[in-house]
1. Of Thr113, Leu51, Leu126, whose Cα points farthest to the positive end of the dipole of segment 15-259 (charges on the beta-carbon: +1 Lys, Arg; -1 Asp, Glu; origin at the Cα centre)?
2. Subtracting the Cα-Cα distance from 0.36 nm times the residue separation, let me have the gained length for Arg267 to Asp330 in nm, one decimal.
3. Express as a percent, rounded to the nearest 5, the fraction of DSSP beta bridges in segment 120-262 (both residues included) that run antiparallel.
4. Let me have the 222 nm mean residue ellipticity of the chain computed from DSSP H runs of 4+ only, each contributing -39500 (n - 2.57), with the sum over all residues rounded to the nearest 500.
5. Among Gly338, Ile214, Thr76, whose Cα projects farthest towards the positive end of the dipole of the chain, with charges put on the beta-carbon of Lys, Arg (+1) and Asp, Glu (-1)?
6. Hand me the GluC sites (Glu not before Pro) from segment 18-117 located in a DSSP loop with no more than 15 other Cβ atoms within 10 Å, in residue order please.
7. With a ≥ b ≥ c the root eigenvalues of the C-alpha gyration tensor of segment 95-235, is it rounded (a/c under 1.5), prolate (a/b larger than b/c) or oblate?
8. Calculate the FRET efficiency for Gln116 and Gln277 from the Cβ-Cβ distance with a Förster distance of 30 Å, rounded to the nearest 0.05.
Amino acid sequence: MSGHSKAPARPALAVETELVVAGRDPQRFDGFVNTPIVRGSTVLSPSVADLEGHTGRYSYGRRGNPTVEGLEQALTVLEGGAGVVITPSGLSAVSIALLSVLKAGDHLLMVDTAYQPTRRVCNEHLKRFGIETTYYDPLVGAGIAELIRPNTRAIFLESPGSQSFEMQDIPAIVAAARSRGIVTLMDNTWATPLYFRPHDFGIDVSIQAGTKYISGHSDINIGTISATAPIFQHVKLTHGDLGITVAPEDAFLAARGLRTLAVRLARHQQSALTVAQWLAGRPEVLRVLHPALPDDPGHALWKRDFKGSSGLFSIILKPAPKAAVAAFLDNLALFGLGYSWGGFESLAIPFDCSSYRSATAWAPGGPGVRLHIGLEDTGDLIADLEQGLGHLRAAS
Ligand SMILES: *Cc1c(COP(=O)(O)O)cnc(C)c1O
């Protein structure tokens, strides 16, 4: 199954076209455009010879399913690696990817600005299995070489950084890793492969919380791991041996989200830039943390390596009492207060990285608020933020 079966030989396609055609085979399903939701554990074989010879396309629900397979294939085209496995959440994609490449006695270099629950995987669980983690400054660049030990097996990146949006010098880190045979993994949820393709930059394992932009509708948790050969073999084995499966309904929703990813992301990008620029001019705002803004410290790296930016960024407010920040957020009508992001709706949360970062100090000079800009009209969103900031001022 490689896209439309009615066009077997086709030229290389633009990514927007691949998002529409990849991983679908309508003729296989009586012409229905979308791969149906196939439920099932048992798969029947026509004979003992077929059963024992594994001649069928599928053998058991846990080992492969047409709905999940279609999603894997579409994502493989998008990521450009050797293959993709689907996991039940973004966090499980992180943990399974790490378990695929690490063993007892290994050392892991983890970026200090990683998604916070990723740290618990390292600090609690990898530690239990005799794997040591060192956190590194996201701005380390080629200096990563000084942190590499003889037993360093993997370097994990996330760029821009979770909540605080520092950009990493990805080519410098990959170069240091490759010359020593160290595996690189990246959580690429923010950009998606549409705006940054990790494998094109030499990253071995590309991870996404499909919960965010792939799904795009805040209605599922799902994760994706893409890897290049030969690492993909380890990922596939670990994923299979640990018995990781995804419900076909969730795979269906993720594939449905994928078809519109390019248009949604373009709109998230444009709207987030409009709102970020407006916020940058507000007297209540100390700084906007958004690498696509020209005066952001990470802008040069973002511009060099990324093709676009998405809908998630943060602001640092000028010093204000906690109650005033709460008055701002409590009075927003269009921005929901909630975790996760990547859906059609706008969201806001207060954040403070100071309690858990260990290789860097978090002292931005005021309270942090992370915003996700959804698909609403930007005039409406700005009007909402403006009246919310009025409440901040009134409570300061
Ligand atoms: C949300 C998120 C995850 C985890 O995804 P879940 O589906 O919530 O487990 C991992 N990494 C990043 C960067 C995220 O934003």
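1. It is Leu51.
2. Numbers: separation 63, 0.36 × 63 = 22.68 nm, distance 2.60 nm.
Residue separation times 0.36 nm, minus the Cα-Cα distance, leaves 20.1 nm.
3. On the way: 5 of 13 bridges.
Around 40 percent antiparallel, to the nearest 5.
4. Details: 13 runs with 134 residues, N = 396.
That comes out to -10000 deg cm²/dmol.
5. About the Cα centre, the residue reaching furthest to the positive side is Thr76.
6. Details: sites: Glu18, Glu52, Glu69, Glu72, Glu79; in loops: none.
Of the GluC sites (Glu not before Pro), not one in the loops of segment 18-117 has a Cβ with at most 15 other Cβ atoms within 10 Å.
7. Values: a/c = 1.44, a/b = 1.28, b/c = 1.12.
It comes out rounded by the Cα gyration axes.
8. Numbers: r = 28 Å, r/R0 = 0.94.
With R0 = 30 Å, the Cβ-Cβ based efficiency is 0.60.
Read-outs: derived from the displayed coordinates by stated rules, not from any lab. Values in this document were obtained by computation on a predicted structure and should not be read as measured data. A quick note on method: Cβ atoms are made from the backbone with ideal geometry, for glycine too, and the neighbour counts reach across all protein chains shown.
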